[in-house]
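Quick one: the structure is below, questions incoming.
The values are calculated or read from the model by the stated rules, or taken from the named source; none is laboratory data. Note that the coordinates shown come from a computational prediction; the quantities given were computed from them, not determined experimentally. Methodologically, a virtual Cβ is constructed for each residue, glycine included, from the backbone with ideal geometry; neighbour enumeration extends over all protein chains shown.
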Amino acid sequence: MKRLAHIHIGLNVKDLKESLDFYRRMLGAEPVKVKEDYVKYLVNNPNLNLTLSEKKNVEGNQINHLGIQVESYEEMLSHKERIEKEGFFAREEMDTTCCYAVQDKFWVTDPDGIEWEYFYTKADAEVHTI
């Protein structure tokens, strides 16, 4: 049986319990491994291996943002509705131009201030941002 390839992202977090809850709800999945100072999510939609490591000092924002690209507007809305049912504020940006593309998207922010976007790309564009 062929295994799916997963993108791996390792994040340092201040409060593992708070981040575990956020990502469980945001991804709609339970972690596959939970230790005192470490959590691992392995999900197939998107193909993601996300690990959280608790650190005493997490400062600054070395990451601009992270995102999950979906195949349709309906899929993006489905994730938005699911995340809002979990109690998160999802900031919408519909029909926006960014990254040389026209997109519909929404954003959520994790407990350490990292922004995540779920987005659907509708067309190419000639400009980088609005």
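Can you give me the number of residues within the stretch 69-91 that are within 15 Å of the chain's Cα centre (by Cα), more than 22 Å from Glu126 (Cα to Cα) and not basic (Lys, Arg)? Spell out the reasoning first.
So the first thing to find is which residues in the stretch 69-91 are within 15 Å of the chain's Cα centre (by Cα), and the list is 69-70, 75-84, 86, 88-91.
From what is left, the residues that are more than 22 Å from Glu126 (Cα to Cα) are 75-84, 86, 88-91.
Pick out the ones that are also not basic (Lys, Arg) and you get 75-79, 81, 83-84, 86, 88-90.
Summing the residues that are within 15 Å of the chain's Cα centre (by Cα), more than 22 Å from Glu126 (Cα to Cα) and not basic (Lys, Arg) in the stretch 69-91 gives 12.
Ser78 passes all but one of (1) of a type in the set (Gly, Ala, Ser); (2) part of a helix (DSSP H, G or I); (3) more than 22 Å from Asn45 (Cβ to Cβ); which number fails?
(3)
May I ask you to list the residues in the stretch 94-130 that are among the charged types (D, E, K, R) and surrounded by 17 or more Cβ atoms within 10 Å (Cβ to Cβ)?
Asp104, Lys105, Asp110, Asp112, Glu117
Please specify each residue of the stretch 83-130 satisfying the condition of being outside any strand (DSSP E or B), free of Cβ contacts under 8 Å to residues at least 24 places away in the same chain and in contact with a Phe, Trp or Tyr (Cβ under 8 Å, 6 or more places away or on another chain).
Just the residues of the stretch 83-130 that are outside any strand (DSSP E or B), to begin with: 83-90, 99-100, 110-114, 125-130.
Cutting the leftovers down to free of Cβ contacts under 8 Å to residues at least 24 places away in the same chain gives us 84-85, 89-90.
If the condition is that a residue be outside any strand (DSSP E or B), free of Cβ contacts under 8 Å to residues at least 24 places away in the same chain and in contact with a Phe, Trp or Tyr (Cβ under 8 Å, 6 or more places away or on another chain), then Ala90 is the only one that fits.
Here's another thing I want to ask about it. Find all pairs meeting these conditions: Cβ atoms under 7 angstrom apart; at least six residues apart or on different chains; first residue within the stretch 8-21 and in the same structural domain as Asn47 (by TED's automatic domain parsing) and surrounded by 14 or more Cβ atoms within 10 Å (Cβ to Cβ); second residue charged (D, E, K, R) and assigned to a strand (DSSP E or B).
These pairs meet every condition: Val13/Glu54; Leu16/Glu54.
What's the number of the only condition in (1) surrounded by 11 or more Cβ atoms within 10 Å (Cβ to Cβ); (2) more than 21 Å from Phe119 (Cα to Cα) that Leu66 fails to meet?
Here Leu66 clears every test but (2).
A follow-up question, please. Could you give every pair whose Cβ atoms fall below 6 Å, whose first residue belongs to the stretch 40-52 and is over 18 Å from His79 (Cα atoms), and whose second residue is outside any strand (DSSP E or B) and at pLDDT below 90, counting only separations of at least 6 or pairs across chains?
Matching pairs, first to second residue: Asn49/His6.
Moving to a separate point now. Return only the number of the condition from (1) in a helix (DSSP H, G or I); (2) of a type outside the set (Ser, Thr, Tyr); (3) in contact with a strand residue (DSSP E or B) (Cβ under 9 Å, 6 or more places away or on another chain) that Ile63 does not satisfy.
(1)
Determine which single condition Glu84 fails, assuming it passes every other condition in (1) of a type in the set (Asp, Glu); (2) farther than 15 Å from Trp116 by Cα; (3) surrounded by 13 or more Cβ atoms within 10 Å (Cβ to Cβ).
Checking Glu84 against (1) of a type in the set (Asp, Glu); (2) farther than 15 Å from Trp116 by Cα; (3) surrounded by 13 or more Cβ atoms within 10 Å (Cβ to Cβ), the one that fails is (2).
Filter the stretch 103-118 down to the residues that are at pLDDT below 90 and out of contact with any Leu (no Cβ under 8 Å at 6 or more places or on another chain) and list them by number.
Within the stretch 103-118, just Gly113 meets the criteria.
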